[in-house]
Each structure stands twice: as C-alpha cells, then as structure tokens.
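Worksheet: the structure to be examined is printed underneath.
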Amino acid sequence: MANNNWNDDKIEKLLHSMPKIDDHRSPDEILARIKKDERLKKTNTKKRHVRRWAPAIIAVAALLVVSLLIPSFFRGNEKASESDSAQLEQEQENFSHKRSMDMPGENEQSEAATANKLDQSDALYTIASAMESHLILPDEADGQYPFHIGLVHSANVIPITILVSKERVEQDMVVKAPNSVDLYNQYAAQVPEGDLGFDDYHPYKGKLYSSGETVINEVPDGHGYDLAGTQLYVYYNSAKETFLDHKFLQVMDETGKPAELDQVGTATPESLERKLPYFKYRMPSGKVYLIPYENGDTDNVSDALVAMKAPQNEIVESVVPAHLDYDVSMIKDIAVVTFSEKINLDLMDPVEVNEMIEGFMLTGSSFDTQIQMKNIEQTHFGKYELSEPLPIPIGANPMFLPE
C-alpha cells in the first residue's frame, strides 16, 4: 500500500460504500440451487450458458470471499483504531495536563485579560520608557557635557551625541566652559569608531581651533579631503554634525591662508547649518540610528516634516509607517503634525512609534522648532506627553564615552 495512493482509510470507505449483502444462504445451498437449474442441462447450449454464467459464478464466489474477509479486516482495523485512539487519548490527556500545569486556569486567564485590557496604556508606557531612545533631552544631560560628533559610514554621516560627565571634563581639561571644538580636540581620538562599526575618520587632519563663530581647520598638504566631490561632501557634513555651536567652517593651509581645494578652488567659509528631515539609517549589524538626510527642497520645517514620509532612495528608511498620512501646519511657533485618521498607538509596534515621534522631534530641532502631534488616541507615550508640544532635543543618538 505504501507504493500507491491507497491507504486503509480509502479501502475502508470503499468497503462501506458497497451494497449490503442480505443473502444468508450457505455456499452449498447456492451451489445446489445452481445445479437444479434446467438451463444447465441442455447440451446444445451448455457451452454458451456456461460462458454466460461464468462471470456470475465468479462474482458470487468473489462476494463470498469478500464476506469472509470483511469481518476479519474490520476486526484488524478496529484493533488498530482502538490502539490509535487510546494513544491519541493518552497524548491529549498528557497535553491537557501539561497545559494546565503551564497555564493559569480559565478564571485566572479571564482576570489577566481584563487586567491587561485595563492597563494596556500603562503597559505601552512602560515598554516605551524601557526602549532605546534616539535623542537626548535637555533635562537628561544634567551633570553631563554633550559632545557632538558626526561619524561616517559608507560616505553617510551619522550624528552621535556622546555624554561626558562634568567631573571627567574638569579633570581632563583646563578650559572651564569648553565649546564643541574644545571637546572635539580632547575626546575625538577616544571615540571607538571601528568598534561601533563606523569608518576610521576622526580626528580631522591638521590643526583645529575656533575664532568667534568660525571653526578653522588648518590642513596639511595631502590631506585628501578634496580628492573627490563625495569626500569633500562627507568632510563638510561631518563638521556640520560636530560643531553645532558654530556657524562656519574655514579650511586653511598650514600658512594660515585659505586652502586651495581641488573640487572648489579657494576655500571660503562653509555654513555649518544643516536643516534636514530625519530618517532611519540601518547599520550592517542591524543597529538603527536616526540621521538627517537630503530629500528634496526642505527649506522650512513644514516641508522637512512632509519629506519624512518617503525617502528618494534606499540608503535611508522612513520613520513614518507606510499606512499613516498627515498634514503639517504652523500654529504660532509650533509645527503641528495632524494625522489624517485618528491613530491608536496600542495597535502599532512601539519601536516604530518611538522612531516616528523622535524623528519628528529631531527634524524640528534642525529648525529649532517644537513639534506637536494631533489626532492620536493616547495622551502619552514613554517619556513623551503627547497632549502638549514636545521639547526640542539637544542631540541625536546618545551614547557614553568609554573610560
């Protein structure tokens, strides 16, 4: 049976479908009846009649054989079925027993479900509070110096905010109120770029210092920042994510004159302003950072927030779930993001919700603008009070400097 499509179930169904045999005569009685038939005694038709009745006799004999085999067959099947049923019942009993040991009773389940439903918002709040944040708020930097640095990965710049304790800064530096250039000169070489999966890019080549609102980088010959347009682009963008408290970057040669750059000629002061929408950037390790990335014309915060919906390439991903749509309006100095349909955060992945909220906030921070979200069922999520304008972050992707 193993080599064809028949099995015991099919055979049993076939046998059940056969007409029920009600003839209780014995084989001897049937044979005696056939012998008495006068038609079999005619010599001139004997051959023909034998041929005519041969199939009938064979059929009768086959039925007799089947009638003898069926009880035996079903007895065997009944024994097998009884064995299988007993085994199945035992397995079900074992499963039920294990389930009763591993799971609470029906009453307990009902109570747990009710409690879970009542506390769903609180549970979401707890989960969101425990997950990784992609930004740091002003009150979270108490006792810390935020050291900003634009790390590089595959020609993309990822802003990182490294928190350094004030005690450590006071021990390491003579400067009482260090600015971004001071912090960079002290700690840039200590950032474990390779261990974090980034390119070995910092510290910048040459001498770095500030003059008023301008950061000056005196580069040596052969610095390589101008070998290609992409390299110069990365150089300037990394500086824009590093020196947030300055307005310009001036590249000088070692004589103190504006450097000659192959791609642009004589270097002029480069604006350190970088007002862009934020997106998700996924490292090969799977680690996700939120980064600013160009996506069309985003001269104002409203355009930047709208541009977050759909990036124009596959380098970055939107922080806004695809099924959501929204409009942006300015009410006084607040950028209001209003969803087209009321959304229930309980029905969404809390990690995605967190990325979306913080992406909006970081985009707003590029324009020094607060964000408020509307048409949401919940009034809070994690550390964020959604019924009010959200605070402006002081940095993206926080981490601590290794000792």
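Just need a number here: residues in the stretch 216-236 that are acidic (D, E), crowded, with 18+ Cβ neighbours inside 10 Å and under 11 Å from M252 (Cα atoms).
Let us first name the residues in the stretch 216-236 that are acidic (D, E), namely 218, 221, 226.
Next, from what is left, pick out any that are crowded, with 18+ Cβ neighbours inside 10 Å: 218, 226.
Pick out the ones that are also under 11 Å from M252 (Cα atoms) and you get 218.
The qualifying residues number 1.
Which residue pairs have Cβ atoms under 8 Å apart, sit 6 or more places apart or on different chains, and have a first residue in the stretch 383-400 that is of a type in the set (D, E, K, R) and a second that is part of a loop (DSSP other than H, G, I, E, B)?
So the pair list comes out as K383/S133; K383/L137; E385/T379.
List the number of the failed condition for N185; all other conditions in (1) closer than 25 Å to S211 by Cβ; (2) in contact with a Gly (Cβ under 9 Å, 6 or more places away or on another chain) hold.
(2)
Would you mind stating whether T298 is β-branched (V, I, T) and out of contact with any strand residue (DSSP E or B) (no Cβ under 9 Å at 6 or more places or on another chain)?
Values: β-branched (V, I, T): yes; out of contact with any strand residue (DSSP E or B) (no Cβ under 9 Å at 6 or more places or on another chain): yes.
In short, yes.
All but one of (1) in contact with a helix residue (DSSP H, G or I) (Cβ under 8 Å, 6 or more places away or on another chain); (2) more than 18 Å from P398 (Cα to Cα); (3) of a type outside the set (D, E); (4) not in a helix (DSSP H, G or I) hold for Q186; state the number of the condition that does not hold.
Every condition holds for Q186 apart from (4).
Answer yes if at least one residue in the stretch 273-295 is over 24 Å from I136 (Cβ atoms), in contact with a strand residue (DSSP E or B) (Cβ under 6 Å, 6 or more places away or on another chain) and touching a residue at least 24 places away in the same chain (Cβ under 8 Å), and no otherwise.
No, the stretch 273-295 contains no residue that is over 24 Å from I136 (Cβ atoms), in contact with a strand residue (DSSP E or B) (Cβ under 6 Å, 6 or more places away or on another chain) and touching a residue at least 24 places away in the same chain (Cβ under 8 Å).
Cβ-Cβ below 7 Å, separation at least six or inter-chain, first residue in the stretch 157-170 and loosely packed, with under 15 Cβ neighbours inside 10 Å, second assigned to a strand (DSSP E or B): which pairs?
Filtered contacts from the stretch 157-170: S165/Q144; K166/Q144; K166/Y145.
Any chance the stretch 213-229 includes a residue that's at pLDDT below 95 and in a helix (DSSP H, G or I)?
Yes, because at least one residue in the stretch 213-229 is at pLDDT below 95 and in a helix (DSSP H, G or I).
From V337, V306, V351, which residue is among the hydrophobic types (A, V, I, L, M, F, W, C) and touching a helix residue (DSSP H, G or I) at 6+ places or on another chain (Cβ under 8 Å)?
Numbers: V306 fails: touching a helix residue (DSSP H, G or I) at 6+ places or on another chain (Cβ under 8 Å); V351 fails: touching a helix residue (DSSP H, G or I) at 6+ places or on another chain (Cβ under 8 Å).
Testing whether each residue is among the hydrophobic types (A, V, I, L, M, F, W, C) and touching a helix residue (DSSP H, G or I) at 6+ places or on another chain (Cβ under 8 Å) leaves just V337.
Kindly check whether there is at least one residue in the stretch 189-207 that is farther than 18 Å from L249 by Cβ and in a helix (DSSP H, G or I).
The first filter runs over the stretch 189-207 and keeps only residues farther than 18 Å from L249 by Cβ, leaving 189-200.
After this cut, where a residue has to be in a helix (DSSP H, G or I) as well, the list is 189-190.
Checking the stretch 189-207: at least one residue is farther than 18 Å from L249 by Cβ and in a helix (DSSP H, G or I).
Looking only at the stretch 322-339, which residues are of a type in the set (G, A, S) and either closer than 19 Å to E388 by Cα or surrounded by 13 or more Cβ atoms within 10 Å (Cβ to Cβ) (or both)? Let's see the steps before the verdict.
Restricting attention to the stretch 322-339, the residues satisfying the condition of being of a type in the set (G, A, S) are 322, 329, 335.
S329, A335, listed by residue number.
Could you look through the stretch 296-309, keep only residues that are touching a residue at least 24 places away in the same chain (Cβ under 8 Å) and not in a helix (DSSP H, G or I), and pick out the one that is surrounded by the fewest Cβ atoms within 10 Å (Cβ to Cβ)? Give the derivation first.
Step one: of the stretch 296-309, the residues touching a residue at least 24 places away in the same chain (Cβ under 8 Å) are 299-302, 304-305, 307-308.
So of that shortlist, the ones also not in a helix (DSSP H, G or I) come out as 299-300, 308.
Numbers: D299: 9, N300: 14, M308: 25.
So the residue we want is D299.
What number of residues in the stretch 310-321 are at pLDDT 95 or above and either in a loop (DSSP other than H, G, I, E, B) or loosely packed, with under 13 Cβ neighbours inside 10 Å (or both)?
Taking the stretch 310-321 as the starting set, the residues that turn out to be at pLDDT 95 or above are 315-321.
Right, trim to either in a loop (DSSP other than H, G, I, E, B) or loosely packed, with under 13 Cβ neighbours inside 10 Å (or both) and you get 315-316, 318-321.
So the count comes out to 6.
Please work out which residue is farthest from the chain's Cα centre (by Cα), limiting yourself to the stretch 311-347 and to residues that are among the charged types (D, E, K, R) and at negative phi.
Initial filter on the stretch 311-347 (among the charged types (D, E, K, R)): 314, 317, 325, 327, 332-333, 341-342, 346.
Among the residues that remain, those that are also at negative phi are: 314, 317, 325, 327, 333, 341-342, 346.
Working: E314: 16, E317: 12, D325: 20, D327: 25, D333: 34, E341: 23, K342: 23, D346: 17 Å.
The extreme case among them is D333.
The values are calculated or read from the model by the stated rules, or taken from the named source; none is laboratory data. As the structure is a prediction and not an experimental result, all values here were calculated from the model. We place every Cβ from the backbone using ideal geometry, glycine too, and count neighbours over all the protein chains shown.
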